[in-house]
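What follows is one structure encoded as structure tokens, with my remarks underneath.
No lab work stands behind these numbers, since they all come straight from the coordinates. All figures in this text were calculated on a predicted structure; none of them were measured in a lab. Cβ sites come from the backbone with ideal geometry, for glycine too, and all protein chains shown count toward neighbours.
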Amino acid sequence: MAAHPAQTGATAGRPIPKASRAVFWNDPRVRGIFYQILAVALIGGAVWWLASNTIENLNSRNIATGFHFLGREAGFDIGENLIDYSPADSYFKALLVGVLNTLRVAVIGIILATIIGTIIGIARLSKNWLVAKLASIYVEVVRNIPLILQLFFWYSLITEFLPGPRDALHPMAGVFLSNRGLKFPLPAHEFAYDLAMVLFALGLIAAVALGHWAKKRQDATGRHFPTAWVNLGLIVGLPIAGWLLAGAPLTFNAPVLQGFNFVGGASLSPEFSALLLGLVIYTAGFIAEIVRSGIQAVGKGQTEASLALGLSKGQTLRLIVMPQALRVIVPPMTSQYLNITKNSSLAVAIGFPDIVSVANTTLNQTGQAIEGIAIIMAVFLTISLSIATFMNWYNKHIALVER
Amino acid sequence: MSDTAIPTAMPKPIAGPVIWLRANLFANPLNAIMTVLVVWFLVMSLPALLDWLLLDAVFQADSVRECRAAGSGACWAFIGEKHRLILFGLYPYEEQWRPLLVVLLLIAMAGVSCLRRFWTKWLAPMWIATLVVVGILMWGGVLGLSYVENARWGGLPLTMILAFVAIAVAFPLGVLLALGRRSNLPAIRAICTIYIELVRGVPAVSLLFMASVMLPLLLPEGMNIDKLLRAQIALIVYASAYLAEVVRGGLQSLSKGQYEAADALGLTYWQKQRLIILPQALRITIPPLVNTLITVFKDTSLVVIIGLYDLMNAAKASFVDPAWRGSSIEAYVFVSLIYFAFCFFMSKYSQSIEKRLAQSQNR
Amino acid sequence: MATAVQQPSDEPMILLEKVNKWYGDFHVLTDIDLSVKRGERIVICGPSGSGKSTMIRCINRLEEHQAGRIVVDGVELTNDVRKVEAVRRDVGMVFQHFNLFPHLTVLQNLTLAPIWVRKTPKAEAEATAMKYLERVRIPEQAHKYPGQLSGGQQQRVAIARALCINPKVMLFDEPTSALDPEMVAEVLDVMIKLADESNVTMICVTHEMGFARSVADRVIFMDRGQIVEQNTPEEFFSHPQNERTKLFLSQILAH
């Protein structure tokens, strides 16, 4: 590399006009353009070489490229589906089932991991020595063992060590835990439950409206309104009241043992349970650390200043500590959410039909390897990019203004 | 802090167990309730766990059935029987001293690399030499060692080789990618950014799939790459994108003054990076680098999905034997301990470095 | 001097009796006795680590004392949260590092306590806040964030914030020691003006001896967790009694 001339050129002093002395390749702009052309040419060449190999290989193996196969009949069954699906449906529909299964695990996993992770993160900061110690042991153990190993562990525990349906564990009425998964009752379809759902939705809307009103009134008169308690009444109390008024029916669609398995009720398959359990327990360990460091990032002086102004501990937490901790917590938290989504692809190892495992079956059956991989990548990139876009927007929204 | 140079700690007028208990376990009613709940939980779970692990465990048996008849606890006899398979996979039994040596060598080198006094320019050549020795030991075929094809490698040495080689190759790649992403040449910046975001946006599993399914299609006919190398390539690609982001974080934390000072000295781009910027940026990034190493070490276990016999898969293979069916939990606990030991040590090391860096920055 | 005459009408604003505090084995405060009259201005000085910050932080219970009694405006500080909050409502505090809330604008920093603690309507709280911002001479910064202000401006905002709760006592914990030299004067000016214009009780930990001379009714010297000497500023500076005081003053006044 032409390092030497550049160095002497620079040390010899800048006033000398470039054109008179320097050769054109010492101009950083020219060099920059040269490097870029070189890089693009190298990458382009590599891509062209790989692509031409691929076309040759595909030709010699008589594989037609393209996504026409998506319309063909899939011919394989999928154990769990959120939409109606049968082997007679198309590959496209099979893949759609896979995407929905991925999203289902991811969304439920994110919610549960956030709750558990936050609790453990706060527990690590507890002044109670035992609680703090226990929380930190949890974090250390969970984070230092590979997720896939944990998934196999839970799956083994469920399928090998839980009893069969006939001697299923029966912790409470209507709930059965066996090696076929978890069975639990669902409320039967009745007017009272529909009413409760509608009232629940109304309660939510009313709570939001009430919040606005309480804020306005506080601004105007200074009087505080116990929003938390009233909202609890609106969101929880209202549906219960509706249910009671409609006669308080207690009909459940409970699972019943018939022959070798259960019928009725709702169920979580062993695969889904193991995947969810593994993802939640693993990710909660990471979220706990994020929450802990977020809270610790808010200096002690902030709490002291707030307390010195006469604010209560609760107000200090709500008005001073949380808003500042969230700024630190949200970015890494988003990437953990992304991780849950990406890690849900380990479903393929224990046989849960997520998008990776359905796409894998598809590419094995059709031989459309490139298309199959492309679909997997496209799905995850779409999810990643949407979350990343949201995160950038949010970061800009809450960034601290400094000079 | 104010003028008092004393850290604000829990008030402890007089030391002593009773006062410690009151301050740390029964400071207020809520605290006391939590203590009672935790103690109750421990009393309920610890004895059962201890029974399973040790007191009711069976250490001598010839099959799972004998184990279960002899005691209700764990069947450690299984580990006694199968630990060589789990640790070394299908490597020829009488040659297994070679992978054992490899494991010890890699651990020793990792230990040496943790010590500050070995952070010299000799570290990189030493690692290259180590990897050469590892290759000779594993493959053999020279110095009177019998040849062992890499399809028979497995267990802990395979896991360690996958992780260390991935990091060793991905590290320089990651540094280049990080510099590229911060370059002011738009084409180079775009290429690096797209690579990093593409790799980080998809699951590691899909990269492994891609390597195992698509690589044969991408290469010309007759050019065959075996499974191990394909997995290794996928892990390198994966690790380099994450390392690039770690290094970029370090580069960003340097003040603009460092760049300006280097420019003012008249250094070229590469001199500036090599002498001024990278040494500082990499020092800051040691803790996150070690964390990435932990991640990669754990994620080597994903090769189970494409059928390599790493530690994870060797564990799964160990209870396929009909005589030992049903001892999966024991196998998983055993390999969990191995993974934990490695990762725990690395994370403690990264924390200690972090603490030291924080101290030197405060000064 | 320190033993003020105890009359029901002339009850001291702040009373410390035999206050002791430990950090682990370290004895930070030893048998502190102090009585502060209403409207009195006290300056506390002493070498670093002498416990002076800890002492004033005990007065609004940012630190707990472990033995002795602290009474503020007739309310004794105990573990009772309501008493602590009652005291804090009447005691304003200014910190060495300002401790403004970075996520709130200057105006929001000022109106936070009036709105949430005193339950003042927002418009009224903002009007009061603007009044205090004018007193500390930065009304034009009201809608900026703390991060956009200079250190001196931030500390003046912090003083205004403490004044917004209309306190009976103001505690200053080294208010100028984190500031660049050219900003010290603007903060001290505000504090002197406050002392001239109001009758709030002030306790100020500072090494600004000029400020002590012009404002203080009493100067207290602390060392190793004890009150070593206290006197009027004139006497304190011209005839220090204790050897430790003399040594300290010679070090402070040397430069």
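Details
- Only helices reaching 20 angstrom along their own axis (Cα) with mean Kyte-Doolittle hydropathy no lower than -0.5 count here, and for the DSSP H runs of chain B these are B:29-50, B:97-114, B:123-139, B:155-181, B:186-201, B:227-253, B:328-362.
- Between B:D62 and A:S386, the simple label model (points 7 Å from Cα in the Cβ direction) yields a spacing of 6.0 nm.
- For A:A220 and C:E243, a Förster radius of 51 Å and the Cβ-Cβ distance give a FRET efficiency of 0.25, rounded to the nearest 0.05.
- Relative packing of peptides B:233-243, B:188-198, A:70-80 - highest average C-beta neighbours within 10 Å first: B:233-243, B:188-198, A:70-80
- Peptide A:127-136 has a mean shielding of 5, counted as Cβ atoms of other protein chains within 10 Å of each residue's Cβ.
- Solvent-free Debye calculation, one equal scatterer per alpha-carbon of the range A:189-250: log10 I(q)/I(0) at 0.18 Å⁻¹ equals -0.63.
- Unpaired by the 4.7 Å Cβ criterion, cysteines found in chain B: B:C114, B:C192, B:C343
- Shielding by other protein chains, A:152-160, mean Cβ within 10 Å: 4
- About the Cα centre, charge dipole magnitude for chain B (Lys/Arg +1, Asp/Glu -1 at Cβ), debye: 1220 debye
- Shape of chain A, Cα gyration tensor, a/c cut at 1.5: oblate
- For the residues A:G278, A:G45, A:G294, a GNM of chain A with alpha-carbon springs under 10 Å puts the largest fluctuation on A:G45.
- The label-point distance for B:A190 and B:K348, in a model that sets each label 7 Å from Cα toward Cβ, rounds to 5.0 nm.
- Spatial offset of the range B:65-119 relative to the range A:67-145 amounts to 32 Å, using the alpha carbon center of each.
- Peptides C:208-221, A:320-333 ordered by average Cβ neighbours within 10 Å, highest first: C:208-221, A:320-333
- The relative contact order of chain B, computed from alpha carbon pairs under 8 Å that lie at least 6 residues apart in sequence, is 19 percent.
- Diffusion of chain B by Stokes-Einstein, at 37 °C in a medium of 0.692 mPa s and with Rh set to the Kirkwood radius over alpha-carbon pairs, works out to 134 µm²/s.
- Placing R0 at 25 angstrom, the Cβ-Cβ distance between A:W229 and C:A123 gives a FRET efficiency of 0.40 after rounding to 0.05.
- Fraction of beta bridges assigned by DSSP in the protein assembly as shown that are antiparallel (%, nearest 5): 65 percent
- The Kirkwood radius of the range A:268-403, taken over pairs of alpha-carbon atoms, gives through the Stokes-Einstein law at 4 °C and 1.567 mPa s a diffusion coefficient of 72 µm² s⁻¹.
- Ratio of Rg to Rh for the range C:1-113: 0.99 [Cα atoms; Kirkwood radius as inverse mean 1/r over pairs].
- Between A:L317 and A:L250, the distance separating the two model label sites (each 7 Å from Cα on the Cα→Cβ line) works out to 3.5 nm.
- Spatial separation of Cα centroids for the range A:150-200 and the range B:318-338, in angstrom: 28 Å
- Comparing B:F344, B:V304, B:V320 along the charge dipole axis of the range B:297-352, the residue lying farthest to the positive side is B:F344, per the Cβ-charge model.
- Where the Cα pairs of the range B:114-265 fall when distances are cut into 5 Å bins, in %: 2, 8, 12, 15, 17, 16, 13, 8, 5, 3, 1, 0
- In straight-distance terms, cross-link reach from A:K215 covers every one of the aspartates and glutamates whose alpha-carbon lies under 12 Å from its own, apart from those fewer than eight places away in the same chain; here that gives an empty set.
- Alpha-carbon centroids, the range C:105-177 and the range C:49-100: separation in whole Å: 20 Å
- Shielding by other protein chains, B:31-38, mean Cβ within 10 Å: 4
- Of the DSSP H helices in chain A, those whose Cα atoms cover at least 18 Å axially and whose Kyte score averages -1.0 or more: A:28-61, A:91-124, A:129-143, A:147-161, A:191-221, A:270-297, A:322-343, A:369-398
- Hydrodynamic radius of chain C per Kirkwood, over alpha carbon pairs, in Å: 18.9 Å
- Radius, Kirkwood style, for the protein assembly as shown when every pair of distinct Cα atoms is counted (Å): 34.3 Å
- Normalised contact order of the range A:189-250, rounded percent, pairs of Cα under 8 Å and 6 or more residues apart: 56 percent
- On the basis of the beta-carbon distance and an R0 of 35 Å, B:S113 and B:L90 show a calculated FRET efficiency of 0.70.
- Value of relative contact order over chain A, rounded to a whole percent, pairs C-alpha under 8 Å and six or more apart: 20 percent
- Modelled label reach - B:W270, point 7 Å along Cα→Cβ, the range B:171-196 residues with backbone N closer than 14 Å: B:176
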